[in-house]
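Each value in this text was obtained by applying a stated rule to the coordinates, not by laboratory testing. Bear in mind the structure is a predicted one, so any value in this text is a computation, not a measurement. Heads up, the Cβs are rebuilt from the backbone with ideal geometry, glycines too, and the neighbour counts pull from every protein chain shown.
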Amino acid sequence: MVLPQPHVLIVEDEASQREVLLYNLSAEGFRTTAATDGEEGLLMVSEEKPDVVVLDWMLPRLSGIEVCRRLKVNPDTREIPIIMLSARSEEVDKVRGLETGADDYMVKPYSITELMARVRTQLRRVRPSSIGEILTFDDIALDSETHRVTRGGQLLRLGPTEFRLLSTFMERPGRVWSRDQLLDLVWGRDAYVDTRTVDVHVGRLRKALTAAGGEDPLRTVRGAGYALG
């Protein structure tokens, strides 16, 4: 029942800084990818949305500020947390970065330990299950570390795919997920799986959640997908 590793995209043109970030984030258990300029960073986000972007301000071809602005005005990417790195230490520069949409701002040289903590803070906001937090919704509790799910205190039996599905739903209650989005998140972008497979596993998840007689917490949105609550 292994959940996908949190994906951190590093957009940094300085090779030494980039390698330090790649090494330390990988050592912390994150899946990492890297871009060396702003345009490449935008392209990589469009190909596979990361969970967090660590973005340098001063980049060739397209500045970090412009990359941040474009990501935050795009409805498909505006919710991705962005941690901006900059040698600019003036308060006006920090304010500009945050007003452009950055979720956090760190001045170079920065503490790697502090950066790791800030990455986890942003992940806690968007993917709490990825850092071992217990998710709850009504009487349902999901523990991503022990891979136990209970409802009303009663342990539920879920297969690995149903566990990942429920984890996705519980991270964002109320959000409607399309079948294609669920395929990417639960099965992976490289999986060759028919969208009808999603319906089958949602059905199995419903059966497990209601095995003890509780109401079905999953909602089918005609023409759109599924939501929890």
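Which of the trypsin sites (Lys or Arg not before Pro) across region 188-229 are loop residues per DSSP, with 13 or fewer other Cβ within 10 Å?
189, 222
What number comes out for the charge environment of residue 179, summing +1 per Lys or Arg and -1 per Asp or Glu over other residues with Cβ under 9 Å away?
Local charge sum for residue 179: -1.
Who wins for biggest fluctuation among 168, 197, 121 in a Gaussian network model of the chain, springs between alpha carbons below 10 Å?
Of 168, 197, 121, the Gaussian network model singles out 197 as fluctuating most.
Could you tell me the calculated FRET efficiency between residue 47 and residue 215, based on Cβ-Cβ distance and R0 = 45 angstrom, to the nearest 0.05?
In this case the efficiency is close to 0.70.
When a/c reaches 1.5 or more, the comparison of a/b and b/c decides; with that in mind, is region 104-172 rounded, prolate or oblate per its Cα gyration tensor?
prolate
Tell me, how many Å apart are the Cα centres for region 29-73 and for region 162-220?
If we compute the Cα centre of each part, the gap is 29 Å.
Which of rounded, prolate, oblate describes region 7-127, given a ≥ b ≥ c as roots of the alpha-carbon gyration tensor eigenvalues and a/c under 1.5 marking rounded, otherwise prolate only if a/b is larger than b/c?
Verdict is rounded for region 7-127.
May I ask what percent, to the nearest 5, of DSSP beta bridges between residues of the chain are antiparallel?
The antiparallel proportion sits near 45 percent.
When you have a sec, figure out the Kirkwood radius of the chain from all distinct Cα pair distances and drop it here in Å to one decimal?
18.9 Å
Would you please classify the overall shape of region 65-121 from the alpha carbon gyration tensor, given that a ≥ b ≥ c denote the square roots of the eigenvalues, rounded means a/c under 1.5, and beyond that prolate means a/b larger than b/c while oblate covers the rest?
Taking the square roots of the gyration eigenvalues as a ≥ b ≥ c, region 65-121 is oblate.
Would you mind ranking 199, 51 so that the residue whose beta carbon has the fewest other beta carbons within 10 Å leads the list?
199, 51
Summing +1 for each Lys or Arg and -1 for each Asp or Glu, what net charge is found among the other residues whose Cβ lies under 12 Å from the Cβ of residue 39?
Local charge sum for residue 39: -2.
Can you quote the Å³ per residue value for the convex hull of the Cα atoms in region 132-228, rounded to an integer?
That works out to 94 Å³ per residue.
Relative contact order for the chain using alpha-carbon pairs under 8 Å, separation at least 6, rounded to a whole percent?
Result for the chain is 14 percent.
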